[in-house]
Amino acid sequence: MKKTTALTALITSYVLLFTACSKSDTATDGGTGGTRTFSCAGITPKFATDVQPILTTVCSINSNCHAGGSSNSGGPFTSYAEVNAKKSNIRAAILAGTMPQSGSISQAQINAFICWIDSGAPNN
Ligand code: HEM
């Protein structure tokens, strides 16, 4: 009887230890909650009417972000050429939830930006 109780106690403490460890891993994702999702159902976003407004209001708000003169790893996003050159990094940063670094981006804006990139990032 004593042996079974000791064994049960040992197994329980292992399970508790294991669960505590796995929870703490989740907490280290910087609070962004991991990846974002997107849907292109029913939309055909265009650069000028759908993406440019996101750049102006969400990304290129000042030179510490992606306005003219930005010297960070993303650089300025003030023209089609600049955005097109960084489209894969932009896609990765938005879906990873690392960008925008401050402020917010709506689900509709995420869909528009990612689906425009996935449709070949046309200059339209
Ligand atoms: C949806 C809007 C935005 C997009 C698409 C975007 C995209 C990016 C990309 C692609 C990078 C380069 C990451 C890499 O591949 O190394 C980057 C870096 C960076 N962005 Fe943004 N960004 C956005 C908004 C912002 C805002 C609003 C700010 C300022 C508050 C900002 C500040 C920065 C900074 C400081 C870096 C450099 C980070 C580093 O060196 O670790 N970004 N961004």
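Contour minus end-to-end for N62 and S39, with contour as 0.36 nm per residue of separation and end-to-end as the Cα-Cα distance?
Additional length available on full extension: 5.4 nm.
Using only alpha carbons, build the gyration tensor for segment 23-118 and give me the equivalent ellipsoid semi-axes, biggest first, whole Å.
Working through the eigenvalues yields semi-axes of 22, 18, 11 Å.
Using amide H atoms built 1.01 Å from N in the peptide plane, name the residues 5+ places from N124, or on other chains, whose amide H lies under 5 Å from its own.
Answer set, sorted by chain and number: F47, A48.
Using a 1.4 Å probe on the protein chains only, how many percent of the accessible area of segment 23-118 belongs to carbon and sulfur?
Looking at segment 23-118 in its full context, I get 55 percent from C and S.
Under the Karplus relation 6.51 cos²θ - 1.76 cosθ + 1.60, θ = phi - 60°, what is the ordered set of whole-Hz ³J(HN,Hα) values for segment 44-57, x standing for Gly and Pro?
My calculation for segment 44-57 gives 10, x, 10, 4, 5, 8, 10, 8, 3, x, 5, 4, 5, 9 Hz in order.
The values are calculated or read from the model by the stated rules, or taken from the named source; none is laboratory data. As the structure is a computational prediction, the values presented were derived from the model and not from experiment. Protein only, heavy atoms only, side chains kept; ligands, DNA and RNA dropped before computing areas. Shrake-Rupley method; radii C 1.70, N 1.55, O 1.52, S 1.80 Å.
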